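K.L.:
I'd like to ask some things about the structure below.
We did not get these values from a lab; they are worked out from the coordinates using the rules stated. None of the values given here were measured: they were computed from a predicted structure. Ideal geometry is used to build each Cβ from the backbone, glycine not excepted, and the neighbour counts take in all protein chains shown.
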Amino acid sequence: MAREADLVADAQAVEALFDEHWVTAWRAAYAVTGRRDLADDAAQDAFVNAIRSFASFDRARPFAPWIAKIAVNRARDLLRAERRRTVTELDEDPEAPGHADASGLLLGVAALPSEQREAVVLHHVLGFTLREVAEIVGTPEGTVASRLGRGVAAIRQTMEAEHA
Amino acid sequence: MLDADLIERELREQYPRPSAAATERARAAVMESATERLRPTRSVHARRQWRPVLVGAGIVVALAVAGVGLAAGFGVFEGTPAPPDVSTNFKQLNQFADAAVQKGFALKLPQTDASKAHGVVEIQTPDGPEDLWAAPNNQGGRCYLIDWANDPIGKDGSRYGVNGCAQSPPPPSNISVSDVWVYLHPDVMTVYGSVYVPAATVQVTLDNGSSVTLPVVENLFLGSLPKGTKLSKVVAFDASGNEVAQRPLQSN
């Protein structure tokens with residue numbers, strides 16, 4: 001049977017969600033991968049999956065932490081797959097923190113252990129509460145607070161060393 | 001010692017953002033996925049016995065289903081000239097059609113004559129009156145907008161709603177039907193569609209065996225049900241109550 005279609009375009013609502021949360025999803029993914037190409041793929045996959053499973057989303061809750069969580073998880077999956085490849089493929093992004101022209105602040109963030117970097121970006125860059133960060137990364141709130149404290153201290157050290 | 005607020009402020013400013021190319025690529029993928037999602041996709045489901053209900057010509061039918069009032073008010077609404085915010089939405093549908101073609105979507109939307117947009121039918125829903133507007137298009141059919149009368153108008157001057165165009169060529173069953181819910185009205189499922197032969201009413205049979213009858217106006221119909229309601233069949237009748245088309249549906 002031919003596929004039926006009164007052509008539907010709830011497109012405006014979807015596009016509004018995309019416009020409002022795309023950068024958040026991407027930055028969350030980038031916090032995990034540190035690579036633009038993987039963040040592109042992870043954030044895009046996250047949005048496509050979110051739209052497909054939107055019916056299961058509890059609309060009483062904010063959308064941003066939900067999409068961020070999907071993006072973080074997808075980014076971790078992609079990163080795990082990438083790590084099975086040769087290490088030499090990594091860090092080819094000239095804009096990646098860690099590259100020579102990155103600021104001391106971004107270098108400090110890039111140098112953090114991944115779990116601290118994720119917590120710092122989700123909380124300080126994207127503005128999620130500790131509780132939301134805990135939910136996104138799947139760890140207790142106290143652990144997030146601890147990672148944040150250590151992460152910010154390390155960034156501060158890096159920057160102060162740079163300016164010393 | 002560096003101030004934590006300063007670090008946070010600088011970090012928000014400096015932390016990398018997605019490139020424009022990646023953003024547009026993702027936008028196209030998401031929109032294509034959304035379009036796909038919004039098309040009915042149902043798997044085969046056991047059929048319920050259908051008990052026909054004859055409906056007299058021109059009667060406005062109101063049936064209660066699952067506690068949700070559903071009343072048609074096309075008599076006073078049909079032909080109502082569309083206000084500017086509705087016309088703007090039809091113009092934007094044309095822009096969306098253009099963009100869809102440019103982005104290589106499989107979707108091929110016709111161009112609508114927004115100046116001829118007009119009211120077709122208005123129903124009552126738990127979220128207030130819901131309206132179906134239509135305008136002719138350049139493929140000989142019509143495009144439509146479904147909105148809630150009490151929703152605010154968007155910043156761009158457009159009325160928020162579900163829009164699209166009747167299928168061309170018609171499906172073999174001569175009935176197309178879709179159900180959709182929108183972000184602003186998450187508890188309400190809108191059922192709508194087209195009948196491609198002359199018809200006065202459609203009877204929508206639900207998975208639980210009950211049914212609702214909706215008027216067909218300008219070949220279009222509109223109904224509202226609680227979100228999650230499953231449909232099993234749509235049958236169209238002419239003004240004499242004769243069945244003129246039937247569309248079995250496949251429930252999720």
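K.L.:
Other chains near A:13-24: what is the mean number of their Cβ atoms within 10 Å of each residue's Cβ? List each step's numbers first, then the result.
P.N.:
Details: counts 8, 9, 5, 3, 3, 7, 2, 0, 0, 7, 3, 0.
Mean shielding by partner chains, rounded to a whole number: 4.
K.L.:
Averaged over peptide B:17-30, how many Cβ atoms belonging to another chain are found within 10 Å of each residue's Cβ? Before the final figure, lay out the partial values.
P.N.:
Numbers: counts 7, 12, 5, 0, 1, 9, 8, 0, 3, 12, 7, 1, 6, 12.
Across B:17-30, the average partner-chain Cβ count within 10 Å equals 6.
K.L.:
Taking the Cβ of B:T112 as the centre, find all other residues whose Cβ is under 10 Å away and add up their charges (Lys, Arg: +1; Asp, Glu: -1).
P.N.:
Charge balance near B:T112 sits at +2.
K.L.:
Let me ask something else. For region B:121-126, just list the computed ³J(HN,Hα) in residue order, Karplus coefficients 6.51, -1.76 and 1.60, θ = phi - 60°, integers in Hz, with x standing in for Gly and Pro.
P.N.:
Along region B:121-126, the couplings run 8, 10, 10, 9, 10, x Hz.
K.L.:
Using label points projected 7 Å from each Cα along Cα→Cβ, tell me how many nm separate B:Q95 and A:A145, to one decimal.
P.N.:
The answer from the label model is 4.8 nm.
K.L.:
Can you give the net charge of the other residues whose Cβ lies under 14 Å from the Cβ of A:G138, counting K and R as +1 and D and E as -1? Let's see the in-between values first.
P.N.:
Working: positive: A:K69, A:R74, A:R76, A:R131, A:R147; negative: A:D77, A:E115, A:E118, A:E132, A:E135, A:E141.
So the environment of A:G138 carries a net charge of -1.
K.L.:
Nearest 0.05, what FRET efficiency do B:D156 and A:L130 give at R0 = 25 Å with Cβ-Cβ as r?
P.N.:
Efficiency computed from Cβ-Cβ geometry: 0.10.
K.L.:
What average number of partner chain Cβ atoms lie no more than 10 Å from the Cβ of the residues making up A:27-40?
P.N.:
Working: counts 5, 0, 1, 4, 2, 0, 0, 1, 0, 5, 1, 0, 4, 7.
Partner-chain Cβ atoms within 10 Å, mean over residues of A:27-40: 2.
K.L.:
Placing unit charges on C-beta atoms (Lys and Arg positive, Asp and Glu negative, everything else neutral), compute the dipole magnitude of region B:150-252 about its Cα centre in debye, rounded to 20.
P.N.:
Using Cβ point charges on Lys, Arg, Asp and Glu, region B:150-252 gives about 160 debye.
K.L.:
Once the Cβ-Cβ distance between A:D37 and B:D187 is put in as r, and R0 is 35 Å, what FRET efficiency do you end up with, to the nearest 0.05?
P.N.:
Approximately 0.30, to the nearest 0.05.
K.L.:
Sticking with the crude label model, points 7 Å out along Cα→Cβ, report the distance from B:E24 to A:D77 in nm, one decimal please.
P.N.:
If labels sit at B:E24 and A:D77, their model points lie 2.8 nm apart.
K.L.:
Next question. Be a star and scan region A:123-164 for residues whose amide nitrogen sits under 14 Å from the point 7 Å along the Cα-to-Cβ vector of A:A111.
P.N.:
Zone members listed by number: A:151-164.
K.L.:
If I model a spin label at B:Q246 and B:Q14 as a point 7 Å from the Cα along the Cα→Cβ vector, what separation in nanometres do I get?
P.N.:
Label at B:Q246, label at B:Q14, 7.1 nm between them.
K.L.:
Using DSSP to call loops (not H, G, I, E or B), can you name the trypsin sites (Lys or Arg not before Pro) in region B:132-211 whose Cβ has at most 16 other Cβ atoms within 10 angstrom?
P.N.:
Hits after loop and neighbour filter: B:K155.
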